[in-house]
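Report on the following structure.
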Amino acid sequence: MKNSFILFCFLSLFSFSTSFSQPFLKTSGEKIVDDAGNEVILKSVGIGGWWLQEGYMFETSSFANTQHELRKKIEELIGTDSTNIFYEAFLNNFVTRRDIDSIAAWGFNSIRLPMHYNLLISAAEPDTFIDKGFQLIDSLIAWCRPHNMHIILDLHAAPGGQGHDQPISDYDPSKPSLWESEENQTLTAVLWKELARRYANEPIIGGYDILNEPNWELGSSNEILRSFYERITDSIRQVDTSHIIFIEGNWFATDFNGLTPPWDENMVYSFHKYWSACNTSSIQYLLNLRDTYNVPLWLGETGENSNHWFTQLVKLMDQHNIGWACWPYKKTGSVAGPLTITKPAGYQVLLNYWKGQAPKPTADYAFNALLELTDSLRIEHCTYHPDVIHAWLTFPNQSQTIPFRYNTVPGKIFCTDYDMGYQNTAYNDADYQNISGPGQATWNSGWSYRNDGVDIEQCSDGITNGYNVGWVNDGEWLIYTIQVTQNNYYAFNIRYAGQSTTGKIHIEIDGINVTGTVNLPPTGGWQSWRSKTTSGVMLESGIHKMKVVIETGGFNLNFIDMAVTTNINTRESNNNSLFNIHYDTAGRNPVIKANYPDKRPFRIKISDLSGKIILSDTFDDIYKISDTVPDGIYLISVFNTTNCSTQKLMINFSF
C-alpha cells in the first residue's frame, strides 16, 4: 500500500506541473477519432454508485432497491440534516483525484460518468440548476485533464425515471415516469441544453450519452424513443455542435429498431452487453447496423462477470475495433470490479436492522456508522483487485500468466495465490463465467478474494492468508510461478481439509509430475485441517511453473509448504521406474537405460546428497555417466514430460 501512496503522490504532483492539448473527439465513418483523424478506442471505467446508489451495490436490495428508498430509510434513522451531511461526505469521498490518477495509471483512457438529474436541476423549479453536480463534473474534468482522459456524460437517472427496472434510474412507480410526463421530458431537454452550454468548449468531455438503458414500451418501432432523442439532440445542437452524441437502444441498450438511420452527423450507437457468449454472432446485428449506416459503435456498459469473461469480451471488441466501458468501479461485497469497498462493522449493524435481524440503533450510532462508510469509500481504504485490471487490459493481448504473489521456495505457497490469467492458462475450473443470464450462473462459489472461476472462501485454519480454495472438482488445476532459491530436495507439505471422501492430487514442476498421485484421506470437516507430506524431489534454483492437479475432488486446499528434506523419493530399479542402472563391459562406467524409450526425450540430473547439481543433461535411450563425475554417493533423477524417478547410486571410478 505504501507504493500505491507514492504513485498517487507522484501523479498528483505531475498533474499540477504538466499541461496538455486535449483534442475533441468526433466521428469519422465507422470510427471515433481525434482532431488529427487518429482512431480512438475508448477503454473506460463506469463510475457507477457515485451519484446513484443502486441497491445491489450496497447490499440493500431486499429492503431498499432504489436510492430514494434508501435515503428514506436513512432519514428515518438519523433525520434530514444528518442525512444531508452523510450524502455530502459520500459524494466527496467516492471519487477523488487519487481515484482518477489510479484509473489512468492502470491503463484506462476515459471515464463514463453516470449522472442523477437531482444533483444538476430542480424538478420543483425547472429553471433552477444545482451547483453540486456541476462542481463534481468540473472537479472530474480537472483530474482527468493531466492524463488526457475523456469523460462521457451519461444521464443515468432522468427526471421521473426511464425504465421499469427501478434501481437503474431511481424510478418511483408511484409517480409519473419520464415517458408519462411532458414536464419530465421538458426538464430533461432543459438539463441537456445547460450541460451542453457549459461544456461546449471543453475537449475533456468526450460526448453526451443522452439516456442510460431505457426499458419501457415505446412503440412498435421505438418511435417515442426516437422522437425523444431527436428533441434532446436539437436542444444540445442549439448550443454545442462539437461533441459526440451517444444513443442507447431500448430494453437496456439492446434494441435499436427504429433508431436508424442516424439523424446527426456526429453520433455513436452505444449498446450494452451482459451475461451472454463472447462471440461475433452475439453482436452481428450491431455490426450490420454499423456497416449499413457507416456509424461507430461503442459498448457503453458491461461487466458483472468473471475475469475470464472480461478477457474474452475485450478480445471480441478488439477484433471489431469497438471500445467499451467496464461496470462498476467499486461496490461492497463483490470482487468483480477494480475495487471492493471495505464494509465497516457499524454499517453491517444497520443492514441487519433494516433486514429485521437486529434492534434499532440509536441515531448517534447510525450517523457515526454511516460516516464510517463514507470514509471506507476512499480508494486508500478499498481492496484493490489487480486480477480484474489485468483481465480487462492485459490478458486480451497475451496468453502468458502473471504471478499474483511472489512465491519463494523454500516457503509456504497459499493455494489462493495462483497466477493471474484466464481459464486454461492460469487455472482450469468447471464453472468460470456466466453466459446464461442475470443470476443464472456463478463462477466463484465462495465469492471471495479473487474474481476467477476458482472457488475461494474464508479460511479458519491456524496458518492462513484468510482464504482457501474450495469446491474442487475432478480435473481442475492451478498454476503458480515459484522462485526456488537453492538447489535441493523438497518435500510438499499439502494442507487440506475434506468432509468424508478421499481426494487425490499430484503436483507438476515445469510439466513434469514430481509427486505421483497423493491420497488425501477425509479429515471430518471442510475446515478441519490436516497435512499430508510427500517425499522429496530435486528442484533447481530459478523460476519454475508449478501445477497443482486435482485428480479426484472433494476437499479444500489452504497451502503447500515446500521445505528442504532428507527424505528423498528414491525408487528401486523395477518395471515401474523410468530407468535402470547398468554398467559398461568394463564394469566401471554406470549406464542409464530408459525403460520407456517411446516417451523420449529424457532429462537426467545428478546431484549430491546436499542437493548440489553435479550434472544436468538430456538423452533418448541410453546415457553413459563419464568419469568426470567425482567419486561419491549421488541421486540420479530422470524425467520425462509426465513423471520423475530417482535412485541412489555410488560412483567409484578409482576402484
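The values are calculated or read from the model by the stated rules, or taken from the named source; none is laboratory data. What you see is a predicted model, and the numbers here were worked out from it, not measured in a lab. We place every Cβ from the backbone using ideal geometry, glycine too, and count neighbours over all the protein chains shown.
So, in the stretch 149-183, how many residues would count as being of a type outside the set (D, E), surrounded by 22 or more Cβ atoms within 10 Å (Cβ to Cβ) and at negative phi? Step through it out loud before you land on a result.
Pass one, the stretch 149-183, residues of a type outside the set (D, E): 149-153, 155-164, 166-169, 171, 173-179, 181.
Still in the list and also surrounded by 22 or more Cβ atoms within 10 Å (Cβ to Cβ): 149-153, 155-163, 167-169, 171, 178.
This time we only want the ones that are at negative phi, so: 149-153, 155-159, 162-163, 167-169, 171, 178.
Matching residues across the stretch 149-183 total 17.
Among the numbered criteria (1) of a type outside the set (D, E); (2) under 26 Å from T425 (Cβ atoms); (3) in contact (Cβ under 8 Å) with a residue 60 or more places away in the chain; (4) in a strand (DSSP E or B), which one does K504 miss?
(3)
Search the stretch 207-230 for residues being touching a residue at least 40 places away in the same chain (Cβ under 8 Å) and of a type in the set (F, W, Y), and hand back the single one that is farthest from S181 (Cα to Cα). Break it down stepwise before answering.
To start, the set of residues in the stretch 207-230 that are touching a residue at least 40 places away in the same chain (Cβ under 8 Å) comprises 207-216, 224, 228.
Among the residues that remain, those that are also of a type in the set (F, W, Y) are: 208, 216, 228.
Numbers: Y208: 23, W216: 14, F228: 12 Å.
Result: Y208.
Does T442 count as surrounded by fewer than 19 Cβ atoms within 10 Å (Cβ to Cβ), modelled with pLDDT under 95 and β-branched (V, I, T)? Explain how you work it out, then say what you get.
On the way: surrounded by fewer than 19 Cβ atoms within 10 Å (Cβ to Cβ): yes; modelled with pLDDT under 95: yes; β-branched (V, I, T): yes.
Answer is yes for this residue.
Residue-by-condition table, conditions (1) touching a residue at least 40 places away in the same chain (Cβ under 8 Å); (2) not in a loop (DSSP other than H, G, I, E, B):
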{"residue": "P438", "(1), (2)": "yes, no"}
{"residue": "T442", "(1), (2)": "no, no"}
{"residue": "D452", "(1), (2)": "yes, no"}
{"residue": "I479", "(1), (2)": "yes, yes"}
{"residue": "Y490", "(1), (2)": "yes, yes"}
{"residue": "Q499", "(1), (2)": "yes, no"}
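Would you check if S221 is over 23 Å from L153 (Cα atoms), over 34 Å from the mean Cα position of the chain (by Cα) and at pLDDT 95 or above? Steps first, answer last, please.
Numbers: over 23 Å from L153 (Cα atoms): yes; over 34 Å from the mean Cα position of the chain (by Cα): yes; at pLDDT 95 or above: yes.
Criteria met by S221.
Take Y418 and decide whether it is in contact with a strand residue (DSSP E or B) (Cβ under 9 Å, 6 or more places away or on another chain), at pLDDT below 95, assigned by TED's automatic domain parsing to the domain that holds D461 and closer than 30 Å to V469 by Cβ. Write out each step before concluding.
Numbers: in contact with a strand residue (DSSP E or B) (Cβ under 9 Å, 6 or more places away or on another chain): yes; at pLDDT below 95: no; assigned by TED's automatic domain parsing to the domain that holds D461: yes; closer than 30 Å to V469 by Cβ: yes.
When the stated conditions are applied, Y418 does not pass them.
Would it be correct to say that G411 is touching a strand residue (DSSP E or B) at 6+ places or on another chain (Cβ under 9 Å) and either under 30 Å from L297 (Cβ atoms) or modelled with pLDDT of 95 or more (or both)?
Values: touching a strand residue (DSSP E or B) at 6+ places or on another chain (Cβ under 9 Å): yes; either under 30 Å from L297 (Cβ atoms) or modelled with pLDDT of 95 or more (or both): yes.
Criteria met by G411.
Consider L299 carefully, then state whether it is assigned to a helix (DSSP H, G or I), in contact (Cβ under 8 Å) with a residue 24 or more places away in the chain and more than 20 Å from S102 (Cβ to Cβ). Break it down stepwise before answering.
Numbers: assigned to a helix (DSSP H, G or I): no; in contact (Cβ under 8 Å) with a residue 24 or more places away in the chain: yes; more than 20 Å from S102 (Cβ to Cβ): yes.
No.
What pairs can you find where one residue is in the stretch 614-635 and closer than 24 Å to T565 by Cα, the other is exposed (fewer than 12 other Cβ atoms within 10 Å of the Cβ) and at pLDDT below 80, and their Cβ atoms are less than 6 Å apart, with a gap of 6+ or different chains?
What qualifies is D631/N652; D631/S654; I633/M650.
Restricting to the stretch 543-565, and then to whatever is farther than 20 Å from A426 by Cβ and either surrounded by fewer than 18 Cβ atoms within 10 Å (Cβ to Cβ) or hydrophobic (A, V, I, L, M, F, W, C) (or both), can you tell me which residue is farthest from the chain's Cα centre (by Cα)?
Residues of the stretch 543-565 that are farther than 20 Å from A426 by Cβ, as a first pass: 552, 554-555, 561, 563-565.
Among the residues that remain, those that are also either surrounded by fewer than 18 Cβ atoms within 10 Å (Cβ to Cβ) or hydrophobic (A, V, I, L, M, F, W, C) (or both) are: 552, 555, 563-564.
Numbers: T552: 29, F555: 26, A563: 33, V564: 36 Å.
Applying the filter and picking the extreme gives V564.
Pairs, please: C-beta under 7 Å, at least 6 apart or cross-chain, first residue assigned by TED's automatic domain parsing to the domain that holds I205 and in the stretch 242-262, second among the basic types (K, R)?
Pairs found: I244/K26; G258/R226; L259/R226.
Output the number of residues of the stretch 590-609 satisfying the condition of being buried (at least 20 other Cβ atoms within 10 Å of the Cβ) and not small (G, A, S).
First, the residues of the stretch 590-609 that are buried (at least 20 other Cβ atoms within 10 Å of the Cβ): 590, 592, 594, 602, 605-607.
Then keep just the ones that are not small (G, A, S); that gives 590, 592, 602, 605-606.
So the answer is 5.
Of the conditions (1) farther than 20 Å from G300 by Cα; (2) touching an Asp or Glu at 6+ places or on another chain (Cβ under 8 Å); (3) polar (S, T, N, Q), T241 fails just one. Which one is it?
Condition (2) is where T241 drops out.
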